[in-house]
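Working notes, beginning with the structure itself.
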Amino acid sequence: MRPEEITSTCNEYYDLISVLYHMLEGAWKYENFRRDAEKAGDHQLAQFFHEAQLEECKRAARAKELLRERIGIAVPH
């Protein structure tokens, strides 16, 4: 039995939701990493983590947009 037969969720939706989850989780972790770098006084590393967080948030916003288009419901920005 294929996973979509069990959950009634097609693979593309599941994949997109999974990617979105991991992007948001990554953005949250990057913030923690940034704080650790700031505490250590490493501003260059803190900036790197901040940039990574911004990029991850941008990709997560795109994933939400794609999900919204595909399932036709309001997904909060």
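Inspect all residues belonging to the range 7-20 and state whether any of them is of a type in the set (Val, Ile, Thr) and at pLDDT 85 or above. Show your work before the answer.
First pass over the range 7-20, keeping only residues of a type in the set (Val, Ile, Thr): 7, 9, 17, 19.
Checking which are at pLDDT 85 or above leaves us with 17, 19.
Yes, because at least one residue in the range 7-20 is of a type in the set (Val, Ile, Thr) and at pLDDT 85 or above.
Pairing residues of the range 34-62 that are under 22 Å from His22 (Cβ atoms) with residues that are charged (D, E, K, R), at Cβ distances under 7 Å and at least 6 apart in sequence or on separate chains, gives Phe49/Arg34; His50/Arg34; Gln53/Glu31; Gln53/Arg34.
All of (1) surrounded by 13 or more Cβ atoms within 10 Å (Cβ to Cβ); (2) among the small types (Gly, Ala, Ser); (3) modelled with pLDDT under 95 hold for Ala74 with one exception: (1).
Residue-level analysis places Ala61 among those that are within 10 Å of the chain's Cα centre (by Cα), assigned to a helix (DSSP H, G or I) and of a type in the set (A, V, I, L, M, F, W, C).
The values are calculated or read from the model by the stated rules, or taken from the named source; none is laboratory data. From a predicted model like this one, the values you see are computed outputs, not experimental measurements. Positions of Cβ are backbone-derived with ideal geometry, glycine not excepted, and every protein chain shown enters the neighbour counts.
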